[in-house]
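Student: Structure in structure tokens, see below.
The values are calculated or read from the model by the stated rules, or taken from the named source; none is laboratory data. All values reported here derive from a predicted model rather than from experimental measurement. A quick note on method: Cβ atoms are made from the backbone with ideal geometry, for glycine too, and the neighbour counts reach across all protein chains shown.
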Amino acid sequence: METLETTNYMIAGYAVIFGVMLVYLVSLFVRWRNLKQDVQLLQELEDK
Amino acid sequence: MQAKPRFLKILDVVTAILFLVAVGMVFFYAPMEKTMGQVQRVFYFHVATAWVGMLGFLVAAIVGVIYLVRKERRWDIVGLAAIEISLVFFLIAIVSGSIWARPTWGTWWTWDPRLTTATIVELVYAAYMMLRSGIEDPDRRARFGAVYAILGFISVPLTFISIRLLRTIHPVVIGGGSASAEGDFSMTPKMLQTFMFSLLVFSVIFVDLLWHRIRLGRLADKVEQLRLKMVH
């Protein structure tokens, strides 16, 4: 049986896998940074 | 908030190394499948991401029970963290599966029992995220989250057994194949090693991400407490 030429589908599949994982990692980092800033701001307001 | 624990830093490095090794095995160690060609390589991470999805939903159901017994908010934070990670990985599994299906089945999507039940699982937990964000009282939200995570988990084993009980074109990797399955293949020892290693690596990725997401949840909880304190 002849092997199908499916390289483009493999690239698309892994682009989705790596892409979504990367976006999620970035979202974790951005949310962490924003919450840190929120904590700092709220503590400053509390101290006043 | 405490600084990043030393063990978490080590786990981050170990996870990154394991992930790179798994990627190397998928592309350079596992042989190309003779019928489907290169797209079959999607299989290794497609199943591993689905596994992480199911693992997280199971963790959320377990900590849901613990929350209802102990009423400690930290278990709600763990449950939310597990569900968020699982939603992301289950989505990856669904989309990568659809891409694999196109050349193998000749269609991006079909309402096969496995695909249908997997979509239901994703929607059930997406609804969990939306519904809990609409509840302001933290204790009520945590109670709702725990009950929902336990009831929602019913949909997960249904997905797992759907391809074993019903007539489906989705291949069964573990526990024998269906006569109607399309895209089924026999794994060579190298394929099996890559597959098992990918499952292990994604389990480690799940633990690492869960730890990070729990820390984020604790920080969000602290912000919420500070805001409530200022309002009252």
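Student: Name every residue in the range B:69-99 that is buried (at least 20 other Cβ atoms within 10 Å of the Cβ), of a type outside the set (A, V, I, L, M) and out of contact with any Ser or Thr (no Cβ under 9 Å at 6 or more places or on another chain), in order of residue number.
Tutor: Result: B:Trp75, B:Asp76, B:Gly79, B:Glu84, B:Ser86, B:Gly97.
Student: Does B:Gly64 fit the bill of being within 14 Å of chain A (Cβ to nearest Cβ) and touching a helix residue (DSSP H, G or I) at 6+ places or on another chain (Cβ under 9 Å)?
Tutor: For B:Gly64, the condition - within 14 Å of chain A (Cβ to nearest Cβ) and touching a helix residue (DSSP H, G or I) at 6+ places or on another chain (Cβ under 9 Å) - is not met.
Student: Might you check whether a residue that is closer than 11 Å to B:Ala48 by Cα and more than 10 Å from chain A (Cβ to nearest Cβ) occurs anywhere in the range B:205-224?
Tutor: yes
Let's see how each residue does on (1) facing chain B (nearest Cβ under 9 Å); (2) in a helix (DSSP H, G or I); (3) not aromatic (Phe, Trp, Tyr):
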site	(1), (2), (3)
A:Glu2	yes, no, yes
A:Ala12	yes, yes, yes
A:Ile17	yes, yes, yes
A:Val26	no, yes, yes
A:Asn34	no, yes, yes
A:Val39	yes, yes, yes
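Student: Taking B:Met36 as the residue in question, decide whether it is over 21 Å from the mean Cα position of the chain (by Cα), buried (at least 21 other Cβ atoms within 10 Å of the Cβ) and under 27 Å from B:Asp112 (Cβ atoms).
Tutor: yes
Student: So, in the range B:1-17, of the ones that are within 14 Å of chain A (Cβ to nearest Cβ) and at pLDDT 95 or above, which residue ends up farthest from B:His212 (Cα to Cα)?
Tutor: Let us first name the residues in the range B:1-17 that are within 14 Å of chain A (Cβ to nearest Cβ), namely B:1-4, B:8, B:12, B:15-16.
Those still in the list that are at pLDDT 95 or above too: B:8, B:12, B:15-16.
Details: B:Leu8: 8, B:Asp12: 10, B:Thr15: 13, B:Ala16: 14 Å.
Within the range B:1-17, the match that is farthest from B:His212 (Cα to Cα) is B:Ala16.
Student: Let me ask something additional. Of all residues in the range B:126-139, which are assigned to a helix (DSSP H, G or I) and touching a helix residue (DSSP H, G or I) at 6+ places or on another chain (Cβ under 6 Å)?
Tutor: Once the filter is applied, which keeps residues that are assigned to a helix (DSSP H, G or I) and touching a helix residue (DSSP H, G or I) at 6+ places or on another chain (Cβ under 6 Å), the range B:126-139 yields B:Tyr128, B:Arg132.
Student: In this structure, does B:Ala149 turn out to be surrounded by fewer than 19 Cβ atoms within 10 Å (Cβ to Cβ) and within 17 Å of the chain's Cα centre (by Cα)? Give the steps one after another, and end with the answer.
Tutor: Values: surrounded by fewer than 19 Cβ atoms within 10 Å (Cβ to Cβ): no; within 17 Å of the chain's Cα centre (by Cα): yes.
In short, no.
Student: What do you reckon, is B:Ala142 loosely packed, with under 15 Cβ neighbours inside 10 Å and either in contact (Cβ under 8 Å) with a residue 40 or more places away in the chain or part of a helix (DSSP H, G or I) (or both)?
Tutor: Working: loosely packed, with under 15 Cβ neighbours inside 10 Å: no; either in contact (Cβ under 8 Å) with a residue 40 or more places away in the chain or part of a helix (DSSP H, G or I) (or both): yes.
Against the criterion (loosely packed, with under 15 Cβ neighbours inside 10 Å and either in contact (Cβ under 8 Å) with a residue 40 or more places away in the chain or part of a helix (DSSP H, G or I) (or both)), B:Ala142 does not qualify.
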